[in-house]
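Okay, structure first, notes after.
The values are calculated or read from the model by the stated rules, or taken from the named source; none is laboratory data. Since the model is a prediction, treat every value here as computed from it, not as a measurement. Note that we place each Cβ from the backbone using ideal geometry, even for glycine, and neighbour counts take in every protein chain shown.
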Amino acid sequence: MYNDFWINNVLIPLSGIFWIATYLLIIKRGFQDRTYGMPLAALCANFSWEILFGFIYPDMYPMNIVNQAWCIMDVLIVYQYLKYGLTDYPKNLSIKWHIPVFIISFFIAFVFVFFMYHDL
């Protein structure tokens, strides 16, 4: 059907390299513009996925290394969201909800990704 060599040794590393480049550009631009470069829902889903498949249920090599690298970069994007995200925060909500909203969103995304993995 398909050749595991090409998937494991070419496509996965190439995909990982291009996504790492994407993450690095998001992080670089976030620091330049003093903002965060990923919407909250996507950030929470990505961070959950990469924690689960980089550390809790490690994928096969080399994908586990890629997931761990993405997770480390997600930590920087989370930092940017927490530091710079207040500029986009709704004016009618108290800023004291900024961090709890992130924690709740992350928890929901983590549970969703966790059960999606176990169900599918």
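Might you check whether a residue that is β-branched (V, I, T) and under 20 Å from Y23 (Cα atoms) occurs anywhere in the stretch 106-118? No, there is no match, as no residue in the stretch 106-118 is β-branched (V, I, T) and under 20 Å from Y23 (Cα atoms).
Could you pull out the residue among V75, V111 that is surrounded by fewer than 18 Cβ atoms within 10 Å (Cβ to Cβ), farther than 25 Å from R29 by Cα and at pLDDT 95 or above?
Values: V75 fails: farther than 25 Å from R29 by Cα.
Only one candidate passes the filter, namely V111.
Between D74, D88, the distinction of being on the phi < 0 side of the Ramachandran plot, among the acidic types (D, E) and under 16 Å from the mean Cα position of the chain (by Cα) belongs to D74 only. Of everything in the stretch 17-38, what is outside any helix (DSSP H, G or I) and either of a type in the set (G, A, S) or exposed (fewer than 11 other Cβ atoms within 10 Å of the Cβ) (or both)? Give them in sequence order. Answer for the stretch 17-38, where residues must be outside any helix (DSSP H, G or I) and either of a type in the set (G, A, S) or exposed (fewer than 11 other Cβ atoms within 10 Å of the Cβ) (or both): R34, G37. Only one of the numbered conditions (1) surrounded by 16 or more Cβ atoms within 10 Å (Cβ to Cβ); (2) assigned to a helix (DSSP H, G or I); (3) small (G, A, S) is not met by A42, and that is (1).
Considering only the stretch 52-67, how many residues are exposed (fewer than 13 other Cβ atoms within 10 Å of the Cβ) and not in a helix (DSSP H, G or I)? Here the count works out to 2. Looking at W49, W70, W6, just one residue is assigned to a helix (DSSP H, G or I) and exposed (fewer than 13 other Cβ atoms within 10 Å of the Cβ), and that residue is W6.
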